[in-house]
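First the structure, in the form of structure tokens, and then the observations on it.
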Amino acid sequence: MKDRPGARKATVVKLHRRAPWRTACLSLLASSVAVAAAYPAIVRLPRRDPARSPALPPALFSHHVHRDFMCLTCHPATFPQALLAFTHEDMRAGRYCGRCHDGGTAFPIEGARCGSCHAGAR
Ligand code: HEC
Ligand code: HEC
Ligand code: HEC
């Protein structure tokens, strides 16, 4: 190969031509495998303003409890898989957890026991 640069060049060009669909397929495969292997059972949601109610434990989200839903039900439209800091006001407006926890699809947030989400709280 080394003494035949022309042959090597041809190989490179061929690979490059194939690159678009090959890269797309490989990365799709790689990302779905990575997600399936890496998604956490429980996610600790960040507080938007850490100074607000510091004594209240952070809310937790359990993938296990929500396992009857397909990943696409929530990702990426409702939750982009990057930790978001949102508030009850956002949820009351029907966003994030409030999309389902509105007394329709699932129990409403207001009036629920705080500790069902803020584990350890009453
Ligand atoms: C009922 C909604 C819901 C469903 C269904 C759901 N997720 Fe999530 N997922 C969340 C929430 C909420 C978070 C935390 C906030 C965020 O990262 O967007 C999260 C976070 C993640 C994260 C990032 C975790 C981190 O530490 O940042 C991954 C990866 C993930 N989910 C994968 C999946 C996979 C794979 C499925 C399907 C098997 C799935 N999720 C189904 C709501 C859901
Ligand atoms: C796609 C709809 C959907 C979204 C989005 C969603 N949930 Fe749920 N959740 C449900 C359903 C359905 C149930 C089970 C029925 C019920 O308890 O009313 C449930 C149950 C729960 C439970 C009860 C667990 C138990 O022990 O019974 C908690 C806590 C909970 N969700 C927290 C959250 C939090 C926190 C978020 C946002 C980060 C969230 N959910 C987002 C649909 C959703
Ligand atoms: C269905 C789940 C759920 C229930 C039930 C719930 N919360 Fe939350 N709460 C959240 C999520 C998600 C966040 C955002 C993450 C965080 O700050 O811990 C949050 C954030 C907060 C915050 C900080 C942001 C803000 O809106 O000011 C306070 C304060 C709070 N909750 C108080 C309460 C109290 C008090 C109760 C009981 C009356 C309660 N929560 C019940 C899910 C819930």
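The values are calculated or read from the model by the stated rules, or taken from the named source; none is laboratory data. Predicted model, so just to flag it, every value in this text is computed and none were measured. Don't worry about glycine lacking a Cβ; one is built from the backbone with ideal geometry, like all the others, and counts go over all protein chains shown.
Here are the numbers:
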item	result
The one condition in (1) closer than 19 Å to residue 49 by Cβ; (2) out of contact with any Pro (no Cβ under 8 Å at 6 or more places or on another chain); (3) part of a loop (DSSP other than H, G, I, E, B); (4) not basic (Lys, Arg) that residue 84 fails to fulfil	(2)
Any hit, segment 45-60, residues being assigned to a strand (DSSP E or B) and either touching a residue at least 40 places away in the same chain (Cβ under 8 Å) or more than 15 Å from ligand 3 (Cβ to nearest atom) (or both)	yes
Residue, nearest to ligand 2 (Cβ to nearest atom), within segment 70-101, restricted to residues that are surrounded by 12 or more Cβ atoms within 10 Å (Cβ to Cβ) and at pLDDT below 95	84
Tally of residues being part of a helix (DSSP H, G or I) and in contact with a strand residue (DSSP E or B) (Cβ under 9 Å, 6 or more places away or on another chain) across segment 96-119	1
Tally of residues being over 19 Å from residue 46 (Cα atoms) and either of a type outside the set (Asp, Glu) or surrounded by fewer than 13 Cβ atoms within 10 Å (Cβ to Cβ) (or both) across segment 102-118	10
Test for residue 78: is it more than 10 Å from ligand 3 (Cβ to nearest atom) and hydroxyl-bearing (Ser, Thr, Tyr)	yes
